[in-house]
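Derivation of every value follows stated rules applied to the coordinates shown; laboratory data play no part. Remember, predicted model here, so these are calculated numbers, not experimental data. Cβ: placed from backbone, ideal geometry, glycine included. Neighbour counts: every protein chain shown.
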Amino acid sequence: MNALSSTRVHMALDWNRRLMRQPPGAACTRCEIRNPFALVLPMRPGKGGSVKKRPLVCYKCRIQLLGRSGWELHHLGGRPSPVAPVLIDANLHRVLTYLQLGWRREGIAPGSTEATVRDVVALVLVSLQWLTEGK
């Protein structure tokens, strides 16, 4: 299997794993976003092996509950980035950072021209999808 198809298999497995950890139709209880990479897993182990349930929220809502703005700096092409970071929605940042990890699996160096171009294209396409879906 070549590096590109291996990366696609890894990404598909990651997507499936996230979907399997969430209830069907999962959405943030605060903003209703449904992207599995934006949602924070709703359960964590409690003391003594018990499972403690928490409300399902997205990453952006979670960090806002912790007093942060819900916006983060994204380094186009990864770090070190050849261009200044851009301020984007925290949920969108999670998705774009995940895509960067996929490119690294393909052997594309962070901060390279190819990584930066891919990241800019992903930023535009994912942002358009984000706006079209309403989140």
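General remarks:
- Residue check, residue 62 surrounded by 15 or more Cβ atoms within 10 Å (Cβ to Cβ) and closer than 20 Å to residue 26 by Cα: yes
- Taking first residues from region 19-40 that are under 14 Å from residue 64 (Cα atoms) and partners that are among the β-branched types (Val, Ile, Thr) and part of a helix (DSSP H, G or I), the Cβ contacts under 7 Å between residues at least 6 apart in sequence or on separate chains come to 38/95.
- Just one of the listed residues (83, 117, 126) is of a type in the set (A, V, I, L, M, F, W, C) and within 16 Å of the chain's Cα centre (by Cα), namely 126.
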